[in-house]
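Presented below is the structure to which this report refers.
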């Protein structure tokens, strides 16, 4: 008899996993029911833990011998308590992002391995998927058991949490497509230390709001990676409530390592030596995960480098339509990258998905230019980087005349906005290099942007 968890193949939608036999499914159901009843007797569930104060949670954690309990945030503390309870009952606690396969069952993939199929993936039965209305991209935590004889994969026997909420709440959510998109109305502040001038310039000239769809237009070697790192570090420091994902597509391996070491967030990557199908699978897992979190009213920020390479990957993997645009780009290749980028929105019902994506220009490739032209105007914010600024070692190399945010009046108070408009009028006649040098010189003499704007008022 074939193994219930045996499978072949890899990649999103490309599996040929064998469905579990009926007797094995019944056994899994019985084990799950027993585990649930044992869990109720043994300890607290996520709903009970969320209602407790941080002091009470710390006390419970100490009783369960959780190391470093006093220095943890509430959500981290809850998961450490669940993990300790599970291990005491003889099971293993684990977490992963669900990928549902065409046969109806799924596997929990690990972000540590960039959602690649692997031997330590966790099998999720069709009955569990139906019971909790699970979808691809759901972050599922729970109790798992090791594989039995003849099986190849760990199996999920009790769902403890779905997208960091009680599993019962997962069934009450509105689907992402049914949520109401609005203009960004809550600002993401990037300003940290006084010498972090890149963040201060962006806060003034190109403010980012929760739900922004921003395009960073960058010629080669203009510091786009450094700018993304700067945004990621600022958001991690100023907005710990925002779930941060950095998605690197078709990237150099050393840049992936550098990003992982410098950013306090989830860094998902596929390097240039991997096939286009892999780039597509990673991107689809990330956007599905982000949508599921937004359905649970979470704020998510995706930093994508780059939308150009993602479009190139889709151009490689989609079946040819017979209609080819200039530069060798298939007419259908941009539909899915546009759907990825278009998912960024502020949600009226709560939550937001912010996407800041880089677009490559002046690479010498006609295809890259066509991709940028197709994406131009789809965002509600653009940052243009200028090679002349980089050549003079002026950072950030932002062309302030071309860069800006739509509906910035929803993000910036009226008195500050009037001063910023005056500043733009002063900088407008200057070249990009002169404008940035002047702005950095004046900013360097003040502690923060509030001081800078008040000093401007005194000068005027």
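The values are calculated or read from the model by the stated rules, or taken from the named source; none is laboratory data. Since the model is a prediction, treat every value here as computed from it, not as a measurement. Here Cβ is always computed from backbone atoms with ideal geometry, including for glycine, and neighbour counts include all displayed protein chains.
Can you pull out the residues in the range 137-166 that are in a loop (DSSP other than H, G, I, E, B), under 14 Å from residue 82 (Cβ atoms) and over 25 Å from the mean Cα position of the chain (by Cα)? Hits for the range 137-166: nothing passes. Scanning the range 347-364 for residues that are in contact with a helix residue (DSSP H, G or I) (Cβ under 9 Å, 6 or more places away or on another chain) and closer than 16 Å to residue 220 by Cβ turns up 358, 359, 360, 361, 362, 363.
On inspection, residue 233 fails the criterion of being free of Cβ contacts under 8 Å to residues at least 40 places away in the same chain and closer than 20 Å to residue 353 by Cα.
Yes/no per residue for (1) under 17 Å from residue 286 (Cα atoms); (2) touching a residue at least 12 places away in the same chain (Cβ under 8 Å); (3) outside any strand (DSSP E or B); (4) in the same structural domain as residue 289 (by the TED database):
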residue: 216; (1), (2), (3), (4): no, yes, no, yes
residue: 222; (1), (2), (3), (4): no, yes, yes, yes
residue: 229; (1), (2), (3), (4): no, yes, yes, yes
residue: 243; (1), (2), (3), (4): yes, yes, no, yes
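All conditions in (1) surrounded by fewer than 22 Cβ atoms within 10 Å (Cβ to Cβ); (2) within 23 Å of residue 404 (Cα to Cα) hold for residue 218, with the sole exception of (1). Applying the criterion of at least 2 residues that are buried (at least 22 other Cβ atoms within 10 Å of the Cβ) to the helices (runs of 4 or more DSSP H) found wholly in the range 251-362 leaves 276-295, 307-317, 335-342. Number of residues in the range 251-297 that are more than 22 Å from residue 336 (Cα to Cα), in contact (Cβ under 8 Å) with a residue 24 or more places away in the chain and touching a strand residue (DSSP E or B) at 6+ places or on another chain (Cβ under 9 Å): the value is 8.
So is residue 231 within 29 Å of residue 99 (Cβ to Cβ) and at pLDDT 95 or above or not? Judged against the criteria, residue 231 is a match. Among the residues of the range 175-182, are any surrounded by fewer than 20 Cβ atoms within 10 Å (Cβ to Cβ), free of Cβ contacts under 8 Å to residues at least 24 places away in the same chain and farther than 28 Å from residue 447 by Cβ? There is at least one residue in the range 175-182 that is surrounded by fewer than 20 Cβ atoms within 10 Å (Cβ to Cβ), free of Cβ contacts under 8 Å to residues at least 24 places away in the same chain and farther than 28 Å from residue 447 by Cβ.
Yes/no per residue for (1) part of a helix (DSSP H, G or I); (2) closer than 30 Å to residue 183 by Cβ; (3) in contact (Cβ under 8 Å) with a residue 24 or more places away in the chain:
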{"position": "388", "(1), (2), (3)": "yes, no, yes"}
{"position": "401", "(1), (2), (3)": "no, yes, yes"}
{"position": "409", "(1), (2), (3)": "yes, yes, no"}
{"position": "419", "(1), (2), (3)": "yes, yes, yes"}
{"position": "423", "(1), (2), (3)": "yes, yes, yes"}
{"position": "435", "(1), (2), (3)": "yes, yes, yes"}
{"position": "441", "(1), (2), (3)": "yes, no, no"}
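Within the range 119-136, being in contact with a strand residue (DSSP E or B) (Cβ under 8 Å, 6 or more places away or on another chain) and assigned to a loop (DSSP other than H, G, I, E, B) holds for 120, 121, 125, 132, 134, 135, 136. The set of residues from the range 137-151 being touching a strand residue (DSSP E or B) at 6+ places or on another chain (Cβ under 9 Å) and in contact (Cβ under 8 Å) with a residue 40 or more places away in the chain comprises 137, 138, 139, 140, 141, 142, 143, 144, 145, 146, 147, 151.
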